[in-house]
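Please read the structure below before turning to the comments.
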Amino acid sequence: MPVVGDFSTIRTEIGGLSVSELAKQFGTPTYVYDAAKIIERLNDLSAFDAIRYAQKANSNIAIVDLVRRHGGLVDAVSAGEIHRALAAGYKPGGEPPAIVFTADIFDHDALALVVEHDIHVNCGSPDMINQLGEVAPGRNITLRVNPGFGHGHSRKTNTGGEQSKHGIWHEQIDDCLRRADQYGIGVTGLHMHIGSGTDLEHLAQVCGAMEKLALSVGRTVTNISAGGGLPIAYKQEDSFIDIEQYFGLWDATRKRLEASFGHKISLEIEPGRYLSAECGYLIAEIRAVKQMGGNTFYVVDAGFNNLARPIMYGSYHPISIAPVTGDHQRGTHDVVVGGPLCESGDIFTQEAGGFVAKRTLPVAGVGDYLVIECAGAYGFVMGSNYNSKPLAAEVLIQDQEAHLVRARQTYEDLLRGESVLPRD
Ligand code: LLP
């Protein structure tokens with residue numbers, strides 16, 4: 001079982017390097033990733049035949065490349081993510097395919113790119129089968145199927161059931177097989193992803209649904225994917241799911257299918273959060289400490305432009321303080337942590353529904369650093385330029401060496417492509 005993260009509220013080091021030195025070297029706000037954590041999480045999942053990284057969680061090419069160098073395959077959900085996979089050194093092709101494009105639609109760029117590079121497609125809508133068949137008949141595809149139920153850490157991350165736009169409805173498989181036949185397309189893979197941040201109870205239900213589906217599709221199937229969705233512990237009381245037990249359920253499903261079909265079935269898992277959440281830390285600097293009636297606010301230089309999960313889902317992230325001086329013996333008090341944006345929802349310590357909550361943190365002042373932890377998944381990638389804030393820098397630590405893997409956006413970058421109307 002993985003070791004649950006360190007929830008102490010003073011953090012002096014990340015990956016063996018001093019937080020305040022990192023902040024001084026790279027500025028703030030900066031995302032720092034510890035490569036060792038990603039490698040550890042990849043190893044946890046080594047029983048699966050293929051670990052396909054859902055790069056939407058963190059698509060910096062240095063992270064994608066790290067996953068590749070440690071044996072992971074990759075998923076791409078857009079033309080941009082295909083470009084990232086290629087830039088990180090993945091070569092299309094292979095069995096199972098190194099890059100899979102999973103989406104509910106093809107935009108024109110994505111369709112052109114999967115055809116050009118012969119990238120395996122996981123179709124999430126019946127229309128995609130025809131669109132691919134028209135331009136690239138005879139290929140093999142995977143079907144992403146919505147089994148009619150789903151579950152996630154928030155309603156916004158549940159990807160199954162009738163309320164979800166994701167996947168092919170489980171009752172429309174025959175129609176999809178007919179569409180595939182029309183273009184000589186073979187359905188070799190089946191995929192189900194019911195939601196993000198779910199639990200073993202819900203994930204386990206997927207095995208039964210997959211088995212039924214595979215038997216109805218038949219012997220062309222050689223690959224099944226359990227999707228992603230594995231939770232991580234954001235809070236001390238959260239528990240990881242038992243990977244061995246989870247693998248056991250899927251392995252039994254796969255073996256029953258192998259016995260029915262008389263050939264090997266490869267079993268994939270497609271995690272995003274599980275691989276990259278815990279490796280990531282968002283370092284910010286406290287720029288003001290304010291008393292608002294009964295509330296003390298730490299106002300930092302990172303906001304929901306850098307980490308949107310609290311405002312979007314009321315997500316909880318561990319927060320710690322890295323004192324700028326060597327003085328680590330501090331009392332604690334209950335504070336609210338907010339960012340710099342001109343919007344009252346720019347609060348990191350909020351609950352779902354926007355309710356402001358307090359967090360017990362060490363006493364800190366202007367100039368101390370504040371570290372938002374478990375921020376490596378759906379952190380930087382969901383960032384924006386709101387309030388014309390440049391995107392943060394990203395740093396990857398490997399073997400106690402810090403590498404800048406994305407330079408902070410400059411103000412020139414920020415204005416690139418914009419123009420005013422011609423003046424008369
Ligand atoms: N596969 C598919 C088809 C997906 O849609 C997703 C996530 C994954 C795999 C990876 O799921 P994971 O293992 O990371 O749970 N922004 C939200 C999460 C959205 C997930 C979208 N799809 C958050 O910050 O919690």
Worksheet item: Do we find that His333 is crowded, with 16+ Cβ neighbours inside 10 Å and in contact (Cβ under 8 Å) with a residue 24 or more places away in the chain in this structure?
Response: no
Worksheet, complete the sentence: Subset of the stretch 390-414, residues touching a Ser or Thr at 6+ places or on another chain (Cβ under 9 Å), in a helix (DSSP H, G or I) and either surrounded by 10 or more Cβ atoms within 10 Å (Cβ to Cβ) or among the β-branched types (Val, Ile, Thr) (or both), comes to Leu414
Discussion item. Being within 13 Å of the ligand (Cβ to nearest atom), of a type in the set (Gly, Ala, Ser) and without any contact (Cβ under 8 Å) to a residue 40 or more places away in the chain narrows it down to one residue among Ser78, Ser46, Ser59; which is it?
Written reply: Ser78
Fill in: Enumeration of residues in the stretch 365-389 that are more than 16 Å from the ligand (Cβ to nearest atom) and either on the phi > 0 side of the Ramachandran plot or surrounded by 16 or more Cβ atoms within 10 Å (Cβ to Cβ) (or both)
Gly367, Asp368, Tyr369, Leu370, Val371, Asn387, Ser388, Lys389
Worksheet item: Just checking, which of Leu111, Leu132 is in contact (Cβ under 8 Å) with a residue 40 or more places away in the chain and more than 16 Å from Gly72 (Cβ to Cβ)?
Response: Leu132
Discussion item. Looking only at the stretch 134-164, filter to residues that are charged (D, E, K, R) and within 11 Å of the ligand (Cβ to nearest atom); which one of those is surrounded by the most Cβ atoms within 10 Å (Cβ to Cβ)?
Written reply: Arg144
Item to complete: Just give me the residues in the stretch 178-203 being in contact with a Leu (Cβ under 9 Å, 6 or more places away or on another chain) and more than 16 Å from the ligand (Cβ to nearest atom), in sequence order.
Response: Ala180, Tyr183, Ile185, Val187
Worksheet item: Only one of these conditions is not met by Glu268: (1) more than 16 Å from the ligand (Cβ to nearest atom); (2) among the charged types (D, E, K, R); (3) touching a Pro at 6+ places or on another chain (Cβ under 7 Å). Which number is it?
Response: (1)
Worksheet item: Which of the following residues is more than 13 Å from the ligand (Cβ to nearest atom), closer than 29 Å to Ser225 by Cα and not aromatic (Phe, Trp, Tyr): Gln329, Gln291, Gln245?
Response: Gln245
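None of the figures in this text is laboratory data; all of them are computed from the coordinates on show. All values reported here derive from a predicted model rather than from experimental measurement. Every residue, glycine as well, gets a Cβ built from its backbone with ideal geometry; the counts of neighbours run over all protein chains shown.
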